[in-house]
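Chemist: Questions regarding the structure given below will be posed in turn.
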Amino acid sequence: MKLLTIPGVAFSAAAYLNDHELLSIDFSSARTIRRWDLGDGATAVVPPSQATAAFCLFRPEGAAFLREQGFWPADQELPTVVGEPAVLWPRPGWSPSAFGAGGTAVIYAEVVVTDGYYSTRFHVRTATSDCESFHHARGYFGVAASFSADGNLAAVTGGLRDVVVYNVATGGEVCRMDQSDNARYLSFVGRDRLAVAAGRTVRLWDVPGGACIAKLPAFHKHATGLAVSPDHRLLAACGRDGRVTVCEAATGHQRDSYDWQIGELRAVAFSPAGSTAAVAGQKGIVVWDLE
């Protein structure tokens, strides 16, 4: 186990740049991205010219999307995008929420105000189509989206109790799942299984059946992050109670549980090789071996 920390700095997100380097976002300043060397723990703030695109790296397949769009040439250590190109932010107020397999698709979330009520409109862009609106969800806090591993399905929520799965090619609704609390995080496990963090619980749902097939051990406080290992074998979840749990994705059976006393946890991630994982919290970032 390795602790990466800066006095007085809390962290709200973590993502691997590669197996030896990590990116984090400061909790108090969402525009501050840090790059960490996992060998010696050295860190540096990512320049603003790189940070605009680097935000995509905190979502699955974000790196593939940047490569596919030509924003990250093979000879660059980090992607560099000057300004905000339309392919990343097609319109003001739209934000990329999920990337599809191979970087060929993206889901954008748009906050909508109608008669004083807030909601979320989701749009999808694929390699063969322009942006198309496919779902208008209730709620706007805790907006989340995820593509299945093969890119054929997309799950979305506006942060309330309903989660809806769509067929990307046809735009048709596949199934709808009602949670016991407001949903905050979604992550497909392979092609036909969806993990949903809602309140203090994380559940595994069958897709397209829409049936709950497993419930992970509940957190004492709200769950705050989900991650799936590159081989889709493990599912990790973290919570505000400071615990991170690693389970078998096929059954939901708990494999490990840790509390490293770094305060509320806010994000968890697996390395590209799947040999380590990292969790970001109030007092630092912990990186640990999975083997």
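The values are calculated or read from the model by the stated rules, or taken from the named source; none is laboratory data. Note that the coordinates shown come from a computational prediction; the quantities given were computed from them, not determined experimentally. For neighbour counting, all protein chains shown are included, and Cβ atoms are generated from backbone atoms with ideal geometry for every residue, glycine included.
Chemist: I'd like to check something: does the range 133-141 contain any residue that is at pLDDT below 95, basic (Lys, Arg), crowded, with 20+ Cβ neighbours inside 10 Å and assigned to a strand (DSSP E or B)?
Modeler: For the range 133-141, residues at pLDDT below 95, basic (Lys, Arg), crowded, with 20+ Cβ neighbours inside 10 Å and assigned to a strand (DSSP E or B): absent.
Chemist: Just to verify a result, which residue in the range 88-107, among those that are among the hydrophobic types (A, V, I, L, M, F, W, C) and part of a strand (DSSP E or B), is nearest to the chain's Cα centre (by Cα)?
Modeler: Ala98
Chemist: Would a scan of the range 160-167 turn up a residue that is over 20 Å from the mean Cα position of the chain (by Cα) and not in a strand (DSSP E or B)?
Modeler: no
Chemist: Quick one: which of Leu38, Leu78 is over 21 Å from the mean Cα position of the chain (by Cα), at pLDDT 90 or above, buried (at least 17 other Cβ atoms within 10 Å of the Cβ) and under 26 Å from Ser275 (Cα atoms)?
Modeler: Only one candidate passes the filter, namely Leu38.
Chemist: Mind listing whichever residues of the range 239-291 are surrounded by fewer than 20 Cβ atoms within 10 Å (Cβ to Cβ), more than 26 Å from Ala30 (Cβ to Cβ) and under 17 Å from the mean Cα position of the chain (by Cα)?
Modeler: Listed by number, the list holds a single entry, Gly274.
Chemist: Does Val189 qualify as being crowded, with 20+ Cβ neighbours inside 10 Å, at pLDDT below 95 and not basic (Lys, Arg)?
Modeler: In short, yes.
Chemist: With the structure loaded, tell me whether Ala15 is assigned to a strand (DSSP E or B), small (Gly, Ala, Ser) and under 20 Å from Gly274 (Cβ atoms) or whether it fails that test.
Modeler: Taking the combined requirement at face value, the residue satisfies it.
Chemist: Right, here's the next one. Checking the structure you have, find out if any residue of the range 108-126 is assigned to a loop (DSSP other than H, G, I, E, B), in contact with a strand residue (DSSP E or B) (Cβ under 8 Å, 6 or more places away or on another chain) and crowded, with 17+ Cβ neighbours inside 10 Å.
Modeler: Within the range 108-126, none of the residues are assigned to a loop (DSSP other than H, G, I, E, B), in contact with a strand residue (DSSP E or B) (Cβ under 8 Å, 6 or more places away or on another chain) and crowded, with 17+ Cβ neighbours inside 10 Å.
Chemist: Sticking with this structure for a sec: If we scan the range 151-162, do we find a residue that is out of contact with any strand residue (DSSP E or B) (no Cβ under 6 Å at 6 or more places or on another chain) and touching a residue at least 40 places away in the same chain (Cβ under 8 Å)?
Modeler: yes
Chemist: Okay, moving on. Which pairs turn up if I take residues in the range 172-188 that are within 19 Å of Lys221 (Cβ to Cβ) and look for partners that are aliphatic (A, V, I, L, M) and surrounded by fewer than 20 Cβ atoms within 10 Å (Cβ to Cβ) with beta carbon separation below 6 Å, at least 6 apart in sequence or on another chain?
Modeler: Qualifying pairs under 6 Å: none.
Chemist: Moving on to the next point. Pairs, please: C-beta under 6 Å, at least 6 apart or cross-chain, first residue under 16 Å from His253 (Cα atoms) and in the range 205-231, second in a strand (DSSP E or B) and of a type in the set (Lys, Arg)?
Modeler: Once the first residue is under 16 Å from His253 (Cα atoms) and sits in the range 205-231, its partners that are in a strand (DSSP E or B) and of a type in the set (Lys, Arg) give Cys212/Arg203; Lys215/Arg203.
Chemist: Another one. Does any residue of the range 217-225 turn out to be part of a strand (DSSP E or B) and surrounded by fewer than 23 Cβ atoms within 10 Å (Cβ to Cβ)?
Modeler: no
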